[in-house]
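Q: Before I ask anything, let me first share the structure, which is written out below as structure tokens.
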Amino acid sequence: MDTPALALARQRAAANLPERLTWGPLTLSVTDLNRAAAFWTDVIGFVRRPERGPGLALGTPDRTLVVLAPGATSPVTKGYAGMYHVAFGMPSQAEFSRRMQRFVDLGVPFSPVDHLMSKAIYLDDPDGHGIEIAYETPERFGRFSDAGGRFTMFDAVGRPHSGRERLDVVAELASADNTDPARPLHRDATVAHLHLHVPALDPSLGWFESLGFARNLNLPDFGMADMGAGAPYTHRLAMNLWAGPGARPAPANSARLLSYRLDAADAEIFVAAKARLTEIPGSDVLTGTDPAGVIVTLALRAAEQQKEDAA
């Protein structure tokens, strides 16, 4: 079973091109900024970033990954469109295992899942924002299959997997030996993917396709779909109906995803996205509202790099 996302990954690799889209920072509203900051730094391992502005910028020594914005008066409210979880990608097995060891040391509850294309640790922040710590392992993946109407993943040697199996925690923790779990996140950690609650799958797939994402899986019986951006890891964006078909945006007073940024590698992707987004005058930045009711900005990656170099 081939998908447009897998085909795009092959094309980009053959031409030695980067992914068409990458994730910039996202902004989350919280009920207690001090409590949230303590969790995201002490538990997740972020460091404070120098950006000035409303909220608290956090990330690695090199990049901002999340901004915590005060103002929410209630935790994440279930049953609404918006963020299901955000995944932060670890650059190595050792870094993934080190994060897991940190959660064990602190007694923080987490769920370890083997998605075959990646390994995942799921947990929530104090406001109920879903967080995934991910280590991408596309080399373990072989193919998708929907034979007989049943979705299955096969690994690189042909063995079937559900993609939702439990990780062997003991085996994962072995890779954390001789590391310091209390140290901050590795400087190469990234925003790996975003998973959204949306009101409907097909219109959402079409909307994000116009921004440059390529369709990967569409599993209507499971109420979920995902999309790639040109890497062998084809789960850069996911969406589901688990908040209910027709789900409305979350209440303004609840903790929620307020905004996120995407960076485009190709000028043609940026130009095509103007059909969906509005250009901010005098900039290489587009903005709009996605199908989940969240503010999105799209920037040309080259322009963003020039700004960072000038700074």
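The values are calculated or read from the model by the stated rules, or taken from the named source; none is laboratory data. Since the structure is predicted, the reported quantities are computational estimates derived from the model, not experimental observations. Every residue, glycine among them, receives a Cβ derived from its backbone with ideal geometry; neighbour counts consider all protein chains shown.
Residue-by-condition table, conditions (1) under 29 Å from GLY246 (Cα atoms); (2) among the hydrophobic types (A, V, I, L, M, F, W, C); (3) at pLDDT 95 or above:
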site: VAL86; (1), (2), (3): yes, yes, yes
site: HIS115; (1), (2), (3): yes, no, yes
site: LEU123; (1), (2), (3): yes, yes, yes
site: ASP127; (1), (2), (3): yes, no, yes
site: GLU136; (1), (2), (3): no, no, yes
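Q: Here's something else I'd like to know. Is it fair to say ALA176 is surrounded by 13 or more Cβ atoms within 10 Å (Cβ to Cβ), over 22 Å from the mean Cα position of the chain (by Cα) and modelled with pLDDT under 95? Even if it seems obvious, please write down each step before you answer.
A: Values: surrounded by 13 or more Cβ atoms within 10 Å (Cβ to Cβ): yes; over 22 Å from the mean Cα position of the chain (by Cα): yes; modelled with pLDDT under 95: yes.
Yes; evaluated as a whole, the condition is true for this residue.
Q: On to the next question. Being basic (Lys, Arg) and touching a Ser or Thr at 6+ places or on another chain (Cβ under 9 Å) is the filter; apply it to region 236-260 and report the residue that is farthest from SER29 (Cα to Cα). So that I can check it myself, show each step before the final result.
A: As a first pass, look at region 236-260 and keep what is basic (Lys, Arg): 236, 248, 256.
Narrowing the set further to residues that are touching a Ser or Thr at 6+ places or on another chain (Cβ under 9 Å) leaves 236, 256.
On the way: ARG236: 23, ARG256: 5 Å.
Result: ARG236.
Q: Among the numbered conditions (1) at pLDDT below 95; (2) crowded, with 18+ Cβ neighbours inside 10 Å; (3) among the aromatic types (Phe, Trp, Tyr), tell me where PHE103 comes up short.
A: PHE103 satisfies all of (1) at pLDDT below 95; (2) crowded, with 18+ Cβ neighbours inside 10 Å; (3) among the aromatic types (Phe, Trp, Tyr) except (1).
Q: Something else now. Pull up region 234-263, narrow it to residues that are in contact with an Asp or Glu (Cβ under 9 Å, 6 or more places away or on another chain) and aliphatic (A, V, I, L, M), then point me to the one that is surrounded by the fewest Cβ atoms within 10 Å (Cβ to Cβ).
A: Top of the filtered list is ALA238.
Q: Hand me the list of strands (runs of 3 or more DSSP E) wholly inside region 134-227 holding 1 or more residues that are touching an Asp or Glu at 6+ places or on another chain (Cβ under 7 Å), in contact (Cβ under 8 Å) with a residue 24 or more places away in the chain and on the phi > 0 side of the Ramachandran plot.
A: Numbers: elements: 141-145, 152-155, 190-197, 214-219.
Strands (runs of 3 or more DSSP E) meeting the threshold: none at all.
Q: Identify the single condition in (1) in a loop (DSSP other than H, G, I, E, B); (2) in contact with a Ser or Thr (Cβ under 9 Å, 6 or more places away or on another chain); (3) of a type in the set (Asp, Glu) that ASP263 does not satisfy, given that it satisfies every other one.
A: Only one criterion is unmet by ASP263, namely (1).
Q: I would also like to ask the following. Of these, ARG35, ARG99, ARG20, which one is touching a residue at least 40 places away in the same chain (Cβ under 8 Å) and in contact with a helix residue (DSSP H, G or I) (Cβ under 7 Å, 6 or more places away or on another chain)? Quick ask: steps written out before the conclusion?
A: Working: ARG35 fails: in contact with a helix residue (DSSP H, G or I) (Cβ under 7 Å, 6 or more places away or on another chain); ARG99 fails: in contact with a helix residue (DSSP H, G or I) (Cβ under 7 Å, 6 or more places away or on another chain).
Only one candidate passes the filter, namely ARG20.
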